[in-house]
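The values are calculated or read from the model by the stated rules, or taken from the named source; none is laboratory data. This one's a predicted model, so the numbers in the text were calculated from it and none came from an experiment. Here the Cβ is made from the backbone with ideal geometry for all residues, glycine too, and neighbour counts use every protein chain on show.
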Amino acid sequence: MRKVIVLINFVLIVFLSSCSKQELLIVTTTSLDNSGLLAYIIPVFEEEYNVKVKIVALGTGAALELGEMGEADILLVHAYDSEIAFVNAGYGEKRSNIMYNDFIFVGPETLDTANLSETLTEISENYDFYSRGDNSGTHTKELSLWTENGYDVSTFGEWYKETGQSMGSTLTMTSLSQFYTLTDRATYLSMLDNLDLVIAYQNREELKNQYGVIKVNPELHNRDDRVADLFYDWIIRDDIQDLIGTYEGYGEQLFFPNS
Amino acid sequence: MIDIKNLSVDLKTIEISFDDFTFEKSKITIVSGKNGSGKTTLLKAIAGLLEYKGDLHVNGEVTYNSQEPVIFNRTVYENISYPLKIRKLDLLEYEEKIWDYCKILEMDHLINKNALKLSSGEKMKVSIIRSIIFNPDIVLLDEPTTHLDLDSINELGTLIRRLKKDMTFIIVSHNKTFIDSLMDVEYKIGGNHVLS
Amino acid sequence: MIIEGIIEAFKLLFSLNREIYTIIFLSLAISILATLTASLIGTFFGILISISNFKLKKFTKKIVFTFMGIPPVVLGLIVLLVITGPFDGFNLLFTKTAMYIAQTLLVLPIIIGNIIISSEKTQKKILETATTLGAKKIDKIKLLIIEIKPFIFMSVILGFSRAISEVGAVMLVGGNIKNDTRVMTTYIALNNSMGEYSVSIAMGIILLLLAFLIHTLVSRFRGDFYD
């Protein structure tokens, strides 16, 4: 009898301790998830605080929507204006930069252009272009590039097509159609072997891809938010920022920390 | 009209052989025999629906009416006129005959009903009229009295007697009164079966 | 969220938004055309296979039944490989024609398979009876088509439902290009990825309403006596 009680106690303890292991729900964008960075750094966080992290990868729009619904603790996204609006609307408690990489124009051939403005002119006059058209971080960035350079996307003709699909699918379509498109560098590099595309134009200053961390307003979900606080402080900490800088993929440094 | 000699049919599990026989014109032949002796098989072979060994000479157009009537999803009239239609015959010329046969079998009030919605006995009558409407030379009726009530059986007998001058009937039936009122010749299947 | 979706659905329907109507129209047009094409070819081959006796009949049937359940995205991939490979010259990639071809191929086995199944069930007796009534081969085929008409309608409806609701094939070969190859299902997928769930639900409701409407219309025109 005593044995049985001991056994039940043991099972209960194991069960409760596994329950008590706190969980953190991070909602991020597919491009960041695909880059492999999270798989590189998240285990360090899990180890340090004995926390279980769950990652859900979605388009930026869907990620922010989930945040609004309180179905996330932390958001890792790359759509600066939307992020600021999200926090200002009270959905996010706080936001910080974490790192950046860059967007690149890809296409069948390298464009012999000196700057962004020339590149946009060249594409709009001579080539076909696939836009993501899905309110993603990349799409938002692309729209702002046109607007800031004096173009009105709504007046574009047949050459400008919206795919409404993920970066991966859009890159595949771009390759098959031999059009041009704007992509984040990490996704492009991860698919390089299957694409018949080269970098058409790149400039890290003009085409910065800023990633941010947002702590979702805990009032939206009534969950314990201490782990979210831990993660927020952890990812902008100096040693973790250095760790991000050491992550390499496809032979290059993929992210530049700037918290 | 029909000659059979050394006729046998291989039904995979059993091989049925038939005694030599000549079915004569304008005679009503009743095929008798125990259950499973091969009565239906004989009719089907004569109708050309089964492969057989031996000699089988059929002199004239033959039609087979199965014991479970197969009715097309359309009206009684359209069912009955189907054989006329595929022969591209003028339906108007047959109008009177269709009504006549239907009246004899008391089907005239159902002529515009969908035949699939009729009772089993009514379906049998539709199927019988359909198989004789185009004046075939030989009519094979497999258990035509199943599902029929007494009156209908008598009416069917009347119709068959009226037609026997121009048609050769070969009938499988277990209904004693029906057989007695019609039989000219009997063909008995002996059960001379060889298991294969 | 669902109530929001229902409200959104009516807003969308009555918004007179040209983009929405184009998407609905294109969905219907491609799926109806594909179903009609597949029905014509499928009925013919379904009946042909079921009434003929040939050496590879069992094998052919197995192939047809297997393809009845092919995931649309796999079929889309096959079409994609064909139109970018041997048929590259026709410039079919990311066009409505490619979507039409993919959906036709998707629906075809469903029609053929269902017709084989229903025809084999009823055909033996019907064909035997027709034979004894003096029908020639062409008469028999005509009779069989008429007799299994309710089943043909049923397979057409099944085929259409598959076409209008699939997303994998049209996404892959059509590309979901705005104002060009975007249909209801790919539009829903897009809105899901953007977190616009109420628009998705709205489009889903419209899709259901359309399916309901078409089934009602079709069953009214069936004209069979099996009700």
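Below, the figures for the structure above:
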quantity: Test set (1) over 18 Å from residue B:139 (Cβ atoms); (2) surrounded by 17 or more Cβ atoms within 10 Å (Cβ to Cβ); (3) not aliphatic (A, V, I, L, M) - residue B:67 fails condition number; calculated: (1)
quantity: Residue match in the range C:103-117 (condition: in a helix (DSSP H, G or I), within 19 Å of the chain's Cα centre (by Cα), within 23 Å of residue A:129 (Cα to Cα) and touching a residue at least 12 places away in the same chain (Cβ under 8 Å)); calculated: no
quantity: Subset of the range C:74-102 [among the aromatic types (Phe, Trp, Tyr) and under 15 Å from the mean Cα position of the chain (by Cα)]; calculated: C:100
quantity: Selection status of residue C:126, on the phi < 0 side of the Ramachandran plot, crowded, with 18+ Cβ neighbours inside 10 Å and more than 10 Å from chain B (Cβ to nearest Cβ); calculated: no
quantity: Lone unmet requirement of (1) surrounded by 19 or more Cβ atoms within 10 Å (Cβ to Cβ); (2) within 14 Å of chain C (Cβ to nearest Cβ) for residue A:196; calculated: (1)
quantity: Lone qualifier among C:183, C:167 - being in contact with a Pro (Cβ under 8 Å, 6 or more places away or on another chain), within 12 Å of another protein chain (Cβ to nearest Cβ), of a type outside the set (Gly, Ala, Ser) and under 17 Å from residue C:35 (Cα atoms); calculated: C:167
quantity: Test: residue A:57 is modelled with pLDDT under 90 and hydrophobic (A, V, I, L, M, F, W, C); calculated: yes
quantity: Wholly enclosed strands (runs of 3 or more DSSP E) of the range B:80-196 bearing at least 3 residues away from chain C (no Cβ under 12 Å) and within 22 Å of residue C:131 (Cβ to Cβ); calculated: B:168-172
quantity: The one condition in (1) assigned by TED's automatic domain parsing to the domain that holds residue A:192; (2) not in a loop (DSSP other than H, G, I, E, B) that residue A:97 fails to fulfil; calculated: (1)
quantity: Residue list for the range C:8-19, restricted to those being aliphatic (A, V, I, L, M) and free of Cβ contacts under 8 Å to residues at least 24 places away in the same chain; calculated: C:16
quantity: Any hit, the range B:34-53, residues being touching a strand residue (DSSP E or B) at 6+ places or on another chain (Cβ under 6 Å), aromatic (Phe, Trp, Tyr) and either in contact (Cβ under 8 Å) with a residue 12 or more places away in the chain or surrounded by fewer than 20 Cβ atoms within 10 Å (Cβ to Cβ) (or both); calculated: yes
quantity: Cβ-Cβ under 8 Å pairs, at least 6 apart or on other chains, the range A:204-223 side surrounded by fewer than 17 Cβ atoms within 10 Å (Cβ to Cβ), far side among the hydrophobic types (A, V, I, L, M, F, W, C) and in a strand (DSSP E or B); calculated: A:208/A:103
quantity: Those residues of the range A:156-180 which are facing chain C (nearest Cβ under 7 Å) and either acidic (Asp, Glu) or assigned to a strand (DSSP E or B) (or both), in sequence order; calculated: A:161, A:162
